[in-house]
Amino acid sequence: MKILLIPVLLLSQSALAQTRIEAPVNGWRNSAGQQEQYTQRVNYPAASVNMQDGQSASAQIRGRIAGAAKGKPGLLIVNGVPMPIELDEKGRYERPYAFGRNSNSVEVRSPDGQSRARGQFIESYAGKTQARLRVVLSWDSPGTDIDLHVIAPDGQHAWYGQRVMNNGGALDVDVTTGYGPEIFSSPAPAKGMYHVYVNYFGSGETKELVTIAQVTIIANENTPNERQQMFRVPLRAAGELTLVKSFMYP
């Protein structure tokens, strides 16, 4: 039996090695003084979600899935929220991400689900801005432009044309080439009613396909009081504006 088990173990380790997470790095860290940016170059339509030059490793997700074909996304799972992630022709992926304090987990899976890598780290920097409200939009089709809209209780509206609210809430990047994610975060959300919409702004060549948008609303992330709600919405035609959820905060 031991002779039979050894090659099985080696094959399993080889499969796992095909997917690699280069950032974030596992363990305990303090990101004080790091250069973390979530702005986007003025480049429309955007080719992909690219990080700014000099972006700190503490604010990015980066790695490679060896042998993955371009056009088929990998699966990224951040703190329990799954979303597709675009791969280039070499199977590489990269994305800015605003991690909060305390424990964070990142998992990446190959398009066929046969290879995966997982990491976990503790962010100990007490001065790090913490998102008390986060809304994550992703979708399942390439070459499509789905936009996230968040309307706050005071009427402020975060969308790709005005990504930053006066109270500090902001939308990170406008993804126009498919999959997303687009993420709204607020460190000090006003109390009251919020409205989350998705707009099917534009479709790719396969206009007949239904695109499934996934919206995850996270309150008090990385705390004992964290709450998550996930919604999946079918979108059939460019121009659709859909109210996904109205909710009270807190």
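The values are calculated or read from the model by the stated rules, or taken from the named source; none is laboratory data. No experiment lies behind these values; they were computed from the predicted model shown. Using ideal geometry, Cβ is built from the backbone for each residue, glycine included, and neighbour counts are taken over all protein chains shown.
Observations, loosely collected:
- Residue check, Gly180 among the small types (Gly, Ala, Ser) and either within 25 Å of Ser58 (Cβ to Cβ) or buried (at least 16 other Cβ atoms within 10 Å of the Cβ) (or both): yes
- Residue in region 215-222 that is over 21 Å from Ala59 (Cβ atoms) and touching a Ser or Thr at 6+ places or on another chain (Cβ under 9 Å) present: yes
- Any hit, region 143-155, residues being under 27 Å from Gly74 (Cβ atoms), touching a helix residue (DSSP H, G or I) at 6+ places or on another chain (Cβ under 9 Å) and of a type in the set (Ser, Thr, Tyr): no
- In region 93-144, counting only strands (runs of 3 or more DSSP E) that sit wholly within it, the ones holding 2 or more residues that are surrounded by fewer than 21 Cβ atoms within 10 Å (Cβ to Cβ) and aliphatic (A, V, I, L, M) span 116-123.
Listed here are the residues, each with its yes/no results for (1) in contact with a Cys (Cβ under 9 Å, 6 or more places away or on another chain); (2) in a loop (DSSP other than H, G, I, E, B); (3) modelled with pLDDT of 90 or more.
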site	(1), (2), (3)
Thr176	no, yes, no
Pro189	no, yes, yes
Tyr194	no, no, yes
Tyr197	no, no, yes
Tyr200	no, no, yes
Gln214	no, no, yes
Ile217	no, no, yes
Asn225	no, yes, yes
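- Residue pairs meeting the criteria (Cβ under 6 Å; at least 6 apart or on separate chains; first on the phi > 0 side of the Ramachandran plot, in region 137-165; second assigned to a loop (DSSP other than H, G, I, E, B) and of a type in the set (Lys, Arg)): none
- Flag if Gly80 is under 22 Å from Lys245 (Cα atoms) and surrounded by fewer than 22 Cβ atoms within 10 Å (Cβ to Cβ): yes
- Scanning region 64-90 for residues that are at positive phi and at pLDDT 95 or above yields Asn79, Gly80.
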